[in-house]
Amino acid sequence: MKNEKLITAGIPWITSALLCCASYLFLYQKNADVLFMVQLRSLFVDSGEFFCQCMQKPGGLLQWAAAWFTQLFHEAQTGVAAITAIWLLTFYLLKRAFQVSNALSPLLAIPVVCLLISDIDTGYWMYYLRNTEYFFRESLGILSVALLLNISSLLSLLPQNKTTKHLGALTALIAALCYPLIGYYSVVTLACLVLWHAARRLYSAAAAAAILSISPLVWKGQYTTIRPEEAFTVGMPQFESYGITADNLLYPIYIAIASLLLFSLLPLLSRWTLTGMKRILASLVLLIAIAGGSFYYMDKLNITDANYHAECKAYRAVDEMRWDDVLDIIDENTVDGTRELLIFKNIALFNKGEIGEKMYAHNDIGVLPNVSDSLHVSLAQLAGSIIFLQHGMTNFAYRWSMENSVEYGFSVADLKILTIASMINEEYELAEKYIDILSHTRYYHDWAEQQRALVKNPKLILKDKNYRRLREIRNGMADNINSDKGLSEKFILEEFSSNIYPQTPALMEMNMAYAMLTKDIKTFWKVFMIYAKTLNGKPMPIHYQEAAFLYGVLEPQTMNTQGMPFDKERIIDRYALFHQATQEYIKLNMNEQAIGQATEADYGDTFWWAYYFNRGKSYY
């Protein structure tokens, strides 16, 4: 008997250790870059106004607290430690509330595992969630249920008499009064109390059931934002975008809630008929089964797409204007990059002044995102604002950031873009409004104050090479805005290839690069002739030479390249080798795709190879 207690006493500790390992592995090791993006798309402001704004909806305290915790993902280790602590506390509170024996305690890991899975299985829906605190909100909701159930559990230990028989109803009333604070988790708590008291105190069970049936309806009348059908589920996450839903992503939350309801009946089963070694073996089998099943589903549902993670890393580098890191991230990517990564690569090269020399030196295929469900992913939604900003199109950047803020709520990412766009537009008072908000954040206060110093002395803006470049592009373009029809990349390509801006070197460079990307000879030739005159004796970048030479070969009547000083070794001789190689493969009856694969290693860094074999362009 003593050995049995000693062995089973270690089961909760083993379960806790496994939960910590799972959290570290699947959140910190495999998704640290995603967690940073999560906090970047969220916002917590340490002001009373922000708190009051959260409290205007049911579950306001939960939203406020979740926003506070979400900001900790800025430092992945801190955020993961915080959410792991919440899960461990939930585990032990549930054990205490439901008076679960050590032998059955592995069952209490189920809701925690579901919460972990719900975080790592979000994928591209992260960009379409209106509840940006989702990653912490549900965990705090389950924790709040565990806390309320502990109150009920402690009171239920009192002997039943005329006074204490009302305590069950009192705890149900307390749970109902928490509706404005924790939203539908108040309803979950009441449902648990009904089941908890059903086999113990029928009076308390009946009272809890009555309160459960009417309290959400009563509270609904106190809010103007609740639809009648949402009274019992207000605040529940919604994976919905333009008519597309992903109910499967809510299954982990449903399972977590269902497990709480089932746990309410566990005290009836807490004493097993098994004893001795049989009880120990059964407990170990339960632990192994739950641990094995949990790790299996966590590994299966974790988003492992290399492009998804590379996009998160590259976005952060672009946001922080670390151009070398952007290129390193793209080079380290193990698969053909998405269009978002391709644009980030070009933005980095523009800022380094190397777009004409190294555009094709990095992965340049450009594929569609790998979305596991029917969600329609738009580049404009994923990174449209920052892409427009880095092309000097501040009006478009401002518009997209403001639309995102209206639709999904303000975020750090959009506030930073709104700040920079206002600064580049010389709207300094407007910029200070956004700076004031960011100055009340935990991790972006210093950045905000740095921008404030620039706003107070606008001449300093021109001393920052990144801002100077954006101002140069912005001032050379027409000050207007129209519809990009949700196709950010296509719109930018057409804008810079069809409108020639020779006023500034940065603008002219964009004209030239995008004219080349159109693969249209007439467009390229028109821009090329103007661009050549702006070089003033400087050597023509190699990719523009490649394009001009190829077009001269293909359409000599349109592109008269006679007498142009092409680099003999890198252009004339190398093109001859490229042409010879492709002709030899054609004689072997190889198809276009096979020829592209055969020549990519030697010529994949040239415009010629991209012109013939890069078929990755697909706007989204």
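The values are calculated or read from the model by the stated rules, or taken from the named source; none is laboratory data. Treat the numbers as computed from the prediction; the structure is a model and nothing was measured. Cβ atoms come from the backbone with ideal geometry, glycine included; neighbour counts cover every protein chain shown. These accessible areas exclude ligands, DNA and RNA; they are computed on the full protein's heavy atoms, side chains included. Shrake-Rupley method; radii C 1.70, N 1.55, O 1.52, S 1.80 Å.
Scanning residues 5 or more positions from T338 or on other chains, those with amide H under 5 Å from its amide H are V367, with H placed 1.01 Å from N in the peptide plane. Could you work out the percent of alpha carbon pairs in the chain separated by over 33 Å, rounded to a whole number? Here the long-distance tail beyond 33 Å is 55 percent of all Cα pairs in the chain. Using the Karplus relation 6.51 cos²θ - 1.76 cosθ + 1.60 with θ = phi - 60°, the per-residue 3J(HN,Hα) values for the range 331-342 come to 5, 7, 4, 8, 10, 4, x, 6, 4, 4, 5, 4 Hz, with x marking Gly and Pro.
Counting Lys and Arg as +1 and Asp and Glu as -1, what is the net charge of the other residues whose Cβ lies under 14 Å from the Cβ of T582? Could you put the intermediate results ahead of the total?
Working: positive: R574, K587; negative: E584, E592, E600, D602.
Charge balance in the 14 Å sphere: -2.
Only helices enter the 222 nm calculation for the chain: every DSSP H run of n ≥ 4 contributes -39,500 (n - 2.57), and dividing by all residues gives -20000 deg cm²/dmol, rounded to 500.
Starting from 0.36 nm per residue, how many nanometres of slack lie between K538 and K485 once their C-alpha separation is accounted for?
So the extension gain works out to 15.2 nm.
Filter the cross-link list K465/K490; K465/K538; K313/K465; K345/K568 down to pairs whose alpha-carbon distance in this structure exceeds 25 Å. From K465/K490; K465/K538; K313/K465; K345/K568, over 25 Å: K465/K490; K345/K568. Axis of helix 76-97 versus longest Cα principal axis of the chain: the two differ by about 20°, to the nearest ten degrees. May I ask for the distance between the Cα centers of the range 231-253 and the range 374-438, given as a whole number of Å? So the two Cα centres are separated by 27 Å. Using the Cα gyration tensor of the range 441-481, with a ≥ b ≥ c the square roots of its eigenvalues, what is the shape: rounded (a/c below 1.5), prolate (a/b larger than b/c) or oblate (neither)? Because a/c hits 1.5 or more and a/b exceeds b/c, the range 441-481 counts as prolate. Surface composition of the chain: carbon and sulfur atoms hold 58% of the protein heavy-atom accessible area at a 1.4 Å probe.
Using only C-alpha positions, report the orientation-averaged shadow area of the convex hull of the range 292-355, nm², one decimal.
5.0
Dividing the radius of gyration of the alpha carbons in the range 22-89 by their Kirkwood radius gives 1.03 for Rg/Rh.
Give me the net charge of A146's neighbourhood, meaning all other residues with Cβ under 11 Å from the Cβ of A146; Lys, Arg count +1, Asp, Glu -1. List each step's numbers first, then the result.
Numbers: positive: K95, R96; negative: none.
Its environment carries a net charge of +2.
Take the Cβ atoms of A306 and D573, set R0 to 25 Å, and the FRET efficiency comes out at 0.10. The Cα center of the range 496-541 and the Cα center of the range 447-493 differ in position by 21 Å. Placing dummy labels 7 Å off each Cα toward the beta-carbon, the span from D520 to Y443 is 4.3 nm. Calculated on C-alpha atoms, the gyration radius of the range 290-397 divided by its Kirkwood radius gives an Rg/Rh of 1.06.
Our compactness index for the range 423-578, the C-alpha radius of gyration over the empirical 2.2 N^0.38 Å, is 1.38.
Residues Y124, Y296, sorted by accessible area with the largest first, give Y296, Y124 [1.4 Å probe; ligands and nucleic acids excluded]. Across the range 130-141, computed HN-Hα scalar couplings (Karplus, 6.51 cos²θ - 1.76 cosθ + 1.60, θ = phi - 60°) run 7, 9, 6, 8, 3, 5, 10, 4, 5, 5, 5, x Hz from first to last residue, x flagging Gly and Pro. Computed over protein heavy atoms with a 1.4 Å probe, the accessible surface of the range 218-338 works out to 55 Å² per residue.
The long axis of helix 60-70 is offset from the longest Cα principal axis of the chain by roughly 50 degrees. On the beta carbon distance between Y296 and D331, with R0 = 41 Å, the FRET formula returns roughly 0.75.
Under 1.5 on a/c is rounded, so check that first for the range 208-327, then, if it is not, pick prolate when a/b is larger than b/c and oblate when it is not; a ≥ b ≥ c are the square roots of the alpha carbon gyration tensor eigenvalues. Oblate shape, in that a/c is at least 1.5 and b/c is the bigger or equal ratio. Legend: P(r) of the range 459-509 from all alpha carbon pair distances, 5 Å bins from 0, whole percents, reading 4, 18, 24, 23, 18, 9, 4, 0.
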